[in-house]
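What follows is one structure encoded as structure tokens, with my remarks underneath.
Read-outs throughout are calculated quantities, based only on the coordinates presented, and are distinct from any laboratory measurement. A quick note: this is a predicted structure, and the numbers were derived from the prediction, not measured. Virtual Cβ from ideal backbone geometry, glycine too; neighbours counted across all protein chains shown.
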Amino acid sequence: MESIFINYRRADNAAGYSRSLAQALRKEFGDDQVFRDIKDIPPGEDFPAVIANQLASCTVMLVLIGTQWSRLSDSNGQRRLDNPQDWVRREIVTALTRDILVIPVLICGAPMPATAELPHDLVELASRNAFVMSDDDWEHDLAQLVVALREHLNLPLAVATTGSGTGKLFETLAGAMRQFPHAATRMKRPNLLLQMFSGLMGWVRTAIIIAIIVWIGYTQSDEFAAGVDRFFARSAEMLSRLLP
């Protein structure tokens, strides 16, 4: 059974962060030591039963908390955290009841929820020392979290693997894009419209190459996809602040 359980709320812009974090921790400790529901529950499985089984065996829960974590509401306008059947709440309550190590992980600059914001069975979460992970210092913060987890779990590092064929393909395509000559420099046209058209075609070809790289990366590499997810999650977070 996995030792590290990642608890997160998708609507809190945390899906991308949870994916990136899970991918990094699996590299450090191995695939069999990290549980993240969307990745580790096959289609058709009994969701409550799998979650209960994992919560009965994990030794650490990482609770990802974004800026909307304690304020999000359901379709009826009820705050999700106030619903005893809310899965995020149920998972945390179970972990606190088992007295395992529960680490609040603050993302997107989120503050630690105050006691007054929490339902009665989550009040204990407010007293747990939080760990902050920032976009600007993600790699450094991740390294510090790995050290803390390794000390608590006494887990060895996962065996390092060599670069994948997908990674080499990215390098090849990126190199091709850098070497791709701009059409305007190859085609000497006296006509201004033809020069503008050739320049536009050069940009279009460059955009197509970039789109191919991103598509291949997102579909073939979990690490690449996690980075893209984290980028869009952070962008959504910034837009929500600008357009409340």
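For region 120-142, which residues satisfy the criterion of being surrounded by 12 or more Cβ atoms within 10 Å (Cβ to Cβ) and within 22 Å of residue 58 (Cβ to Cβ)?
Across region 120-142, the qualifying residues are 121, 122, 123, 124, 125, 126, 128, 130, 131, 133, 141, 142.
Looking only at region 57-112, count how many residues are part of a helix (DSSP H, G or I) and within 29 Å of residue 148 (Cα to Cα).
Of the residues in that region, 14 qualify.
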